[in-house]
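The values are calculated or read from the model by the stated rules, or taken from the named source; none is laboratory data. All values derive from a computational prediction rather than experimental measurement. For neighbour counting, all protein chains shown are included, and Cβ atoms are generated from backbone atoms with ideal geometry for every residue, glycine included.
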Amino acid sequence: MPRSRRSRRTLTVIILVVLSLSLISLDQNARTHSLTSGVKSVANDVYAPLRQGVLDVISPIGNFFAGAVNYGSVQAQNERLERTIGELRAAQLEQGFEKNQLREITALQNLPFLQALPTVTAQTQDQYSSNFTATITLDKGRADGVDVGYPVVGAGGLVGQVIQSFHHTAVVRLITDGQSKVDVTFGSQLLGIVDGQGPSSSMTADLVAPHTPLKKGEPMFTSSLDAASFPPGIPVATVRTFHTSAGASQETIDVDPAADLSQLAYVDVVQWVPST
Amino acid sequence: MVRVALVIFVVLMVQQTVIVALRIGGAHPDLLWLLPITAAVLDGPETGAIVGFWAGLSFDLVLPTPFGLSALVGCVLGYAVGSLTTAADPRATWVRPVAAVAGSIAADMLFAVLGAILGQGEMVQVDFLALFLVVGVSSLVFVFPISRLMRWALAGEGHRRSLVSAQGDSRAW
């Protein structure tokens, strides 16, 4: 191989690597992050309608085959859902009085009550677009009142938090993501932190004192600490297993998400920011 | 460059609409890495690096991972695969599947490690066994259609040195 050609090849690769590292630096630097974020925002505004157009074409085909193959299980699932809806309607009627009382008490204590907060209903466009992060993409963005930091609820509990907001789309980090940490309260005003462990791993509850009495299935809710990133009272997780190892400084608790993260077709974005 | 850009766009769309739904064991196939791999095998390390950079950058625009990370990994992957396959006779029939499987797995490892170095520690917390199995097997399947697309794209760029024009369309990739 001619020497000049080899030199040119090496130079090209060096330039591309330096360019990539420069882009990463711009993205990681807090002062210049808005630059890369802006580029991504513009790209997403162009990309989202194109992607939706492709999905509109291929989804009916996929749904047709999925419906034909899973007809029996879909019918059984419908029956289960109808039964659950009936039970929920009955429970809702019973809980009306308790909710009113709770709303009054939280208002007295100046705490935000989730059902009194404004929400934006969004459709999930995309789930787990990367193998390395647990995120979903919503079809609502800044123009629809969805901003970074807003909590996202649905399917029975807390789903996650908005981490990127573009013009008409937003990216939500799920509570199972490795970077997700949620302050929780459970039992008799006990506190802990629910940590995500990655898209394919279970979540854990940390900073809980050894031998804390727990029950399997015990619910954990977002706490009302001043610095909390979420409004209080949202179901986050339920206890799956717990034990305290000899000499451990905290109890080992595995938890399951309260929300059914496999059913995220529609979610509510809560227009709420932590009090500073 | 227009054809290469078109192929990158098509693969991006297929990945983000169809492939992301094919989740097995918490992982889905990753077509991104096959672009620099096939470009590198067909036209050498320089083309592999250039295609890897632009393909990675395109994916970076829509992924929640650090901006520029896919571009960096794609560029390094294209260069490495191009260099290694040149030394190992790129015309051998086993080169493409082996490069696809080994390259995709290596790229995912590099991507995760660099992501963790950049502060995204959760990127090394994934189930790597499931990820490598899914990405490895799917790369073996998808390398052939993507290789055909890349051959078409590079032929339009007038590359003379590579397998693209030297072999014509006689090789049934």
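Can you tell which of B:V126, B:V95, B:V113 is crowded, with 22+ Cβ neighbours inside 10 Å and either among the aliphatic types (A, V, I, L, M) or touching a strand residue (DSSP E or B) at 6+ places or on another chain (Cβ under 9 Å) (or both)?
Values: B:V95 fails: crowded, with 22+ Cβ neighbours inside 10 Å; B:V113 fails: crowded, with 22+ Cβ neighbours inside 10 Å.
Only one candidate qualifies: B:V126.
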### Residue list for region B:99-152, filter: at the interface with chain A (Cβ under 9 Å from one of its Cβ atoms) and under 16 Å from the mean Cα position of the chain (by Cα)
B:D108, B:F111, B:A112, B:L131, B:V134, B:V135
## Note on the structure
Of (1) within 17 Å of the chain's Cα centre (by Cα); (2) under 25 Å from A:Q197 (Cα atoms), B:S58 satisfies every one except (2)
### Message
Give all pairs with beta carbons closer than 8 Å in which a residue from region A:49-71 that is within 12 Å of chain B (Cβ to nearest Cβ) meets a residue that is of a type in the set (V, I, T); count only pairs at least 6 apart in sequence or on separate chains.
### Response
A:R51/B:T17; A:V54/B:T17; A:L55/B:T17; A:I58/B:T17; A:I58/B:V18
### Message
I need the strands (runs of 3 or more DSSP E) fully contained in region A:146-219, keeping only those with at least 2 residues that are surrounded by 17 or more Cβ atoms within 10 Å (Cβ to Cβ) and more than 14 Å from every other protein chain (Cβ to nearest Cβ).
### Response
A:151-154, A:157-165, A:181-186, A:190-195
#### Entry: helices (runs of 4 or more DSSP H) fully within region B:1-107 counting 2 or more residues that are touching a Gly at 6+ places or on another chain (Cβ under 6 Å)
B:34-43, B:45-60, B:69-87
### Message
Can you list residue pairs whose Cβ atoms sit under 6 Å apart, with the first residue in region A:16-32 being more than 7 Å from chain B (Cβ to nearest Cβ) and the second being surrounded by fewer than 18 Cβ atoms within 10 Å (Cβ to Cβ) and modelled with pLDDT under 90? Count only pairs 6 or more apart in sequence or on different chains.
### Response
A:L26/A:T32; A:L26/A:L35
### Query
Counting only residues that are within 21 Å of B:Q120 (Cβ to Cβ), out of contact with any Phe, Trp or Tyr (no Cβ under 8 Å at 6 or more places or on another chain) and at pLDDT 90 or above, how many does region A:118-137 have?
1
### Query
When B:D30 is evaluated against the numbered criteria (1) at the interface with chain A (Cβ under 9 Å from one of its Cβ atoms); (2) charged (D, E, K, R); (3) in contact (Cβ under 8 Å) with a residue 60 or more places away in the chain; (4) over 18 Å from B:L140 (Cα atoms), which criterion, by number, is the only one it fails?
(4)
